[in-house]
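Here is the structure we will look at.
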Amino acid sequence: MTAHRFYTPDLHPGILDLSPNEAHHANAVMRLKPGDAVELFDGKGAIAVGTLQSSGKRGASVEVTEIQRVERPNSNPLVLAMAIPKSPRQSFLFEKCTELGVDAIWPITFDRSVVKTSASGVAKWERTIIEAGKQCRTAYLPEILRPLRFKEAVGTHRDDATHVVCDPSASTSIADPIRALDSGRSCVVWIGPEGGMTDHETEQLASRGAVMAKLGGNILRIETAAIAVAAAFALFAKSTD
């Protein structure tokens with residue numbers, strides 16, 4: 001039987017106390033008992049095997065007996081610099097990006113964005129990512145980068161990364177720039193709001209060397225575009241093997 005899984009950001013050998021949320025999950029939801037085998041992960045590539053030592057209303061603790069490091073499956077880190085969809089579709093977006101191995105999500109407010117980010121929103125997204133990581137048994141969780149307006153974000157353009165703009169009118173497929181990435185090179189993929197980026201925004205990115213790429217023949221919702229990009233990376237990015 002597969003051991004129940006819990007998120008612990010600071011893994012080390014010995015006795016670890018689970019966070020209140022994870023302790024509640026272990027005690028009230030899973031109803032685990034001392035002596036039960038568990039697995040811990042920190043979302044940064046470390047996975048630990050352990051045994052539940054104590055369980056009760058005041059919390060839960062685990063004795064870690066072994067820690068292993070897991071390599072990322074792809075050598076090219078993927079950052080999605082993207083508009084955020086409306087609330088009913090946000091959880092779906094962050095869940096699927098976690099399952100598909102996105103390295104970071106960068107919430108961007110474009111000129112035509114409808115949704116504005118907030119601290120409470122980011123906290124909810126982080127909880128969704130943790131739950132998705134536990135379910136899909138990944139060793140890595142996406143990092144949520146500091147939300148920025150487009151005019152601020154474009155000023156932090158990283159020259160050490162390849163920048164790709166999702167544009168349905170582009171002649172190049174998203175697979176082409178992914179296949180062309182040098183091993184270890186990051187890729188920042190820009191996904192605009194459902195009203196599309198303005199001409200000025202795409203020109204700003206193009207002037208800094210970004211390439212335009214399409215995801216297919218149809219206009220996609222924000223979360224669909226993100227999933228399509230993440231799936232393309234899973235298929236076409238260079239493996240770390």
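Go through the residues of the stretch 63-82 one by one and say whether even a single one is closer than 30 Å to residue 192 by Cα, touching a Lys or Arg at 6+ places or on another chain (Cβ under 9 Å) and among the hydroxyl-bearing types (Ser, Thr, Tyr). Yes, that holds for at least one residue. Note on the stretch 131-162: among residues that are small (Gly, Ala, Ser) and either more than 20 Å from residue 93 (Cα to Cα) or not assigned by TED's automatic domain parsing to the domain that holds residue 93 (or both), the one that is surrounded by the fewest Cβ atoms within 10 Å (Cβ to Cβ) is 155. Every condition in (1) touching a strand residue (DSSP E or B) at 6+ places or on another chain (Cβ under 8 Å); (2) closer than 30 Å to residue 3 by Cβ holds for residue 136 except the one numbered (1). Within the bounds of the stretch 164-174, is there any residue that is surrounded by fewer than 18 Cβ atoms within 10 Å (Cβ to Cβ), at pLDDT 95 or above and closer than 20 Å to residue 93 by Cβ? The answer is no; no qualifying residue exists.
Kindly indicate whether residue 114 is crowded, with 18+ Cβ neighbours inside 10 Å, out of contact with any helix residue (DSSP H, G or I) (no Cβ under 8 Å at 6 or more places or on another chain) and among the hydrophobic types (A, V, I, L, M, F, W, C). In short, no.
When 192, 216 are screened for being more than 22 Å from residue 73 (Cα to Cα) and touching a Phe, Trp or Tyr at 6+ places or on another chain (Cβ under 6 Å), only 192 passes. At least 3 residues being at pLDDT 95 or above and under 19 Å from residue 135 (Cβ atoms) is the threshold, and among the strands (runs of 3 or more DSSP E) wholly inside the stretch 23-86 those reaching it are 37-41, 46-56.
The values are calculated or read from the model by the stated rules, or taken from the named source; none is laboratory data. A quick note: this is a predicted structure, and the numbers were derived from the prediction, not measured. When we count neighbours, we look across all protein chains shown, and the Cβ atoms used for this are built from the backbone with ideal geometry, even at glycine.
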